[in-house]
Amino acid sequence: MKKRYWITGAIGLATVAVAVKLLRRPRDVDWEEHADVLHHSEHSRFAMIDGVRIHYQEAGESSSPPVILIHGFTASNFVWNDVFLPIAESGFRVIAPDLVGSGFSDKPRECNYTIEAQARMIVELMAHLGIETATLVGSSYGGAVAATCALDYPEVVDRLVLVDAVINDHARRRPLLRLAALPVLGDLVTPLMLGSRKLVHSQMRQGYAPQNMHLFDEKRMTAHHRPLLAANTQRAALSTLRRWRARRIERDAHFIRHSTLLIWGEDDPEIPISHGRALFEEIQNARLIVFRRCGHMPMEEYPREFTEVLTRFCSTANETVSAGRASA
């Protein structure tokens, strides 16, 4: 009988601890509150897109060729921190938005957190900024968003760059994501997982190649984790996960006719290089560049080399890309 009481008591204490943790979360992350410690905060701008306040950063001359950088799942535009200004200094107008539900953009409760909806936001942001066509650069889940723009709005895409891009639903099968997607239980564990600095730190470091893990220091961790502590971010992440439908990218890649650069980390543990090779075979006008000794984040692991590869691709005459693979 005592054992049953102990178990009941332990469950009760755990429930109270979870409830307290959930109640103590900040509701949202406020740009003004953190501006003095943010990366490139002097380049931050806000735009109202369909009633949703979108945070983006912009650098470079307004008359320069536009390049739009699209981040991945549970990330923010901080993933472009090391390449944002170097790309602009190479002669481009660089725009790095936070997707709806991420970073310092709004996170409406009633929002369609799908890849298609995010692609539509990118296109509408371009229109708001007076951009007719641009090179779209998408990392991971942002790659699926960029590819969807190319498929659904081909007229606004000049060139396409997919960086370790999501092309199907395989990543969603990872144990932690499968757990988070479960009804009811996911609503409880997702805030605990995203709120855990130790767990997030471990997961993000594993995205780097082993020899590059030292690059993910405490300052970088804090910048990545800050938005994830907010209740609205956690809810939006869960909604995004439950609406994750990316198989179309793999299925319809052959319809993409834009000059396309595929950049992949050879040792990516999240989106394997085989996915990059599959896109290379399907997209007629594509080039695949593989970064050796690199994981899921080439722009963070090798920012100088990444910038060189990207700006060279964007600077060449807009003609058919010579199909081929290269190493970096």
- [ ] For His254, state whether it is of a type outside the set (S, T, N, Q), farther than 20 Å from Phe73 by Cβ and either under 17 Å from the mean Cα position of the chain (by Cα) or modelled with pLDDT of 95 or more (or both).
- [x] yes
- [ ] Run down Ser76, Ser64, Ser105, Ser90 and say which single residue is touching a Phe, Trp or Tyr at 6+ places or on another chain (Cβ under 7 Å) and either open to solvent by less than 10 Å² (accessible area, probe 1.4 Å) or polar (S, T, N, Q) (or both).
- [x] Ser64
Open item on the list: Which condition from (1) more than 14 Å from the chain's Cα centre (by Cα); (2) under 29 Å from Glu305 (Cβ atoms); (3) modelled with pLDDT under 95 is the one that Asp158 breaks?
Closed with: (3)
TODO: Take the range 286-310 and flag every residue that is under 18 Å from Thr135 (Cβ atoms) and either open to solvent by less than 20 Å² (accessible area, probe 1.4 Å) or at pLDDT below 95 (or both).
DONE: Ala286, Leu288, Ile289, Pro298, Met299, Phe306, Thr307, Val309, Leu310
- [ ] Enumerate the pairs (first residue in the range 33-47 and under 18 Å from Arg220 (Cβ atoms); second residue anywhere and part of a strand (DSSP E or B)) with beta-carbon separation below 6 Å, excluding pairs fewer than 6 apart on the same chain, so at least 6 apart or on different chains.
- [x] His40/Gln57
Task: helices (runs of 4 or more DSSP H) enclosed by the range 57-167 - at least 1 residues per element that are touching a strand residue (DSSP E or B) at 6+ places or on another chain (Cβ under 8 Å), of a type in the set (A, V, I, L, M) and closer than 21 Å to Trp31 by Cα - done: 84-89, 115-128
Task: Failed item in (1) modelled with pLDDT under 95; (2) open to solvent by 30 Å² or more (accessible area, probe 1.4 Å); (3) in contact with a strand residue (DSSP E or B) (Cβ under 9 Å, 6 or more places away or on another chain), with Leu38 passing the rest - done: (2)
Open item on the list: I'm trying to understand the selection: among the residues of the range 208-224, which are farther than 17 Å from Asp82 by Cα and surrounded by 19 or more Cβ atoms within 10 Å (Cβ to Cβ)?
Closed with: Ala209
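The values are calculated or read from the model by the stated rules, or taken from the named source; none is laboratory data. Here the structure is a predicted model, which is why all the values come from computation and not from measurement. Reconstructed Cβ throughout: ideal geometry from the backbone, glycine too, with neighbour counts over all protein chains shown. Side chains included, ligands, DNA and RNA excluded: accessible areas come from the protein's heavy atoms. Shrake-Rupley method; radii C 1.70, N 1.55, O 1.52, S 1.80 Å.
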